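Beneath this line is the structure, given in structure tokens, with notes to follow.
The values are calculated or read from the model by the stated rules, or taken from the named source; none is laboratory data. Treat the numbers as computed from the prediction; the structure is a model and nothing was measured. Glycine gets a Cβ as well: all are built from the backbone with ideal geometry, and neighbour counts include every protein chain shown.
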Amino acid sequence: MFHVVKLRPKVEDTITGRHSKAPPAPEVRDDGEHYEVEEILDSRIQRGKIEFKTRWKGYGPEHDEWILEKDLAAPDLLRKFYREHSDAPRSIQGLIFRPRPSYSWERLQASGRRLFEGGGGVRVH
């Protein structure tokens, strides 16, 4: 919310050709709205699933979005992405997830005491 004093009338752009086109409307099907993918920019694993950072056709980078692999209907662009990013994860099953080590409070206290008593990494001026 902001104060009405901040409102100003819209000023038309005086430079011809600088008007940006409105983004294209989505294709409407029985199962909802569908947008065309222009490019797949990146991938990541989020909550145990592969997501792809997607640029929509006709939209700028401010509209880039992370899309689940199952929701991405662009097999040609996906193949192109993997050709260009051979190190990107293709499957979660191939990854090894190691559990984080857990330490007892006593063990943490003991290791901290050893570090402090030995003077390791501690400088006093």
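Filtering segment 59-78 to residues that are without any contact (Cβ under 8 Å) to a residue 40 or more places away in the chain and surrounded by 11 or more Cβ atoms within 10 Å (Cβ to Cβ) leaves Tyr59, Asp64, Glu65, Trp66, Ile67, Leu68, Glu69, Leu72, Ala73, Ala74, Leu78.
One line per residue, one yes/no per condition, for (1) at pLDDT 65 or above; (2) over 16 Å from the mean Cα position of the chain (by Cα):
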position: Arg47; (1), (2): yes, no
position: Phe52; (1), (2): yes, no
position: Gly60; (1), (2): yes, no
position: Pro101; (1), (2): yes, yes
position: Gly120; (1), (2): no, yes
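Pairs linking a residue in segment 37-52 that is under 14 Å from Pro89 (Cβ atoms) to a residue that is of a type in the set (Val, Ile, Thr) and not in a strand (DSSP E or B), with Cβ atoms under 7 Å and 6 or more positions apart or on different chains, are Ile45/Ile92; Gly48/Ile92; Ile50/Ile92.
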